[in-house]
Amino acid sequence: MLPECNHKEEDMQAISEKILELEKEKLGLHSQLDMKQLQLWQNALEISAETLSKLSSISSDQNNQLQYLENFDSRLKSLESEVRRITLDIKGLPASITAIEKNVEQLRNLTERLVERLNSLTEEFIGEYVKGPTIKHTGCLYNSIHQLARHEKNDNFSGLLEEVRQLIEAQGARIIEPEQGEPLNAKEHRPIRKVLTPREELDMKVAEVFKPGLGLNGRVILHAVVAVFSYDKDIKGS
């Protein structure tokens, strides 16, 4: 019995040793597994960090692209608004051009009227303050010679009178010297005497000219001084 027990003890001891070796081997394997797992985790972390960095870079690029697209969209909308404004301006150009042409035509007409008015005022000024006084004095000289010619019946006075007349007419003036029997013109004639007449048809007509008048640019500078017929039915005569 003793040897058999000893043999069993040896077997048990051998088995224990084997189990111990297996446990050690198991522990070694676990240690190796843990190291490999740690290395795998470390590699995974590195890959995750690199991936996150790339994702962050991509996100930043996307943000830049989005910002660029937003700026581009804003500029595009601004250009569209400008195009619409220019289009409206172009559509309104014909009306503006028509209005401008109308204004230019009105300005041209106004300018022409102003020039005409200026010329008229210039002529009036020259006539009033330059020609007028000179011709008026010449007209007075003509009247004096006319009076002498009426009373003296001298051909020399008649010739001189004609020369003064031509001088006056050369200045654009005219002699107002109505003929006998010519109707009285209240604008040009100044009656100072009445001559009674039985002829009704001569009523209010020029009987005699005492002093010729003078006209310039449609105005009367000197009125012709005249006698005028006045009809009187009580007068007998032819």
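Data overview
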| item | result |
| --- | --- |
| Qualifying residue in segment 195-205 (condition: more than 16 Å from S230 (Cα to Cα), of a type outside the set (S, T, Y) and in contact with a Pro (Cβ under 8 Å, 6 or more places away or on another chain)) | no |
| Residue satisfying condition, being assigned to a helix (DSSP H, G or I), on the phi < 0 side of the Ramachandran plot, at pLDDT below 80 and not small (G, A, S), within set L107, L114, L66 | L66 |
| Residue that is nearest to G172 (Cα to Cα), among those in segment 183-206 that are among the hydrophobic types (A, V, I, L, M, F, W, C) and surrounded by fewer than 20 Cβ atoms within 10 Å (Cβ to Cβ) | A186 |
| Qualifying residue in segment 209-232 (condition: in a helix (DSSP H, G or I) and modelled with pLDDT under 95) | no |
| Segment 159-182: number of residues that are without any contact (Cβ under 8 Å) to a residue 40 or more places away in the chain and surrounded by fewer than 17 Cβ atoms within 10 Å (Cβ to Cβ) | 12 |
| Flag if I86 is loosely packed, with under 10 Cβ neighbours inside 10 Å, in a helix (DSSP H, G or I) and not hydroxyl-bearing (S, T, Y) | no |
| Subset tally (residues that are basic (K, R) and farther than 18 Å from P133 by Cβ) for segment 212-238 | 2 |
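The values are calculated or read from the model by the stated rules, or taken from the named source; none is laboratory data. Given the structure is predicted, the values throughout are model-derived calculations rather than measurements. No Cβ is skipped: glycine too gets one built from the backbone with ideal geometry, and neighbour counts run over all protein chains shown.
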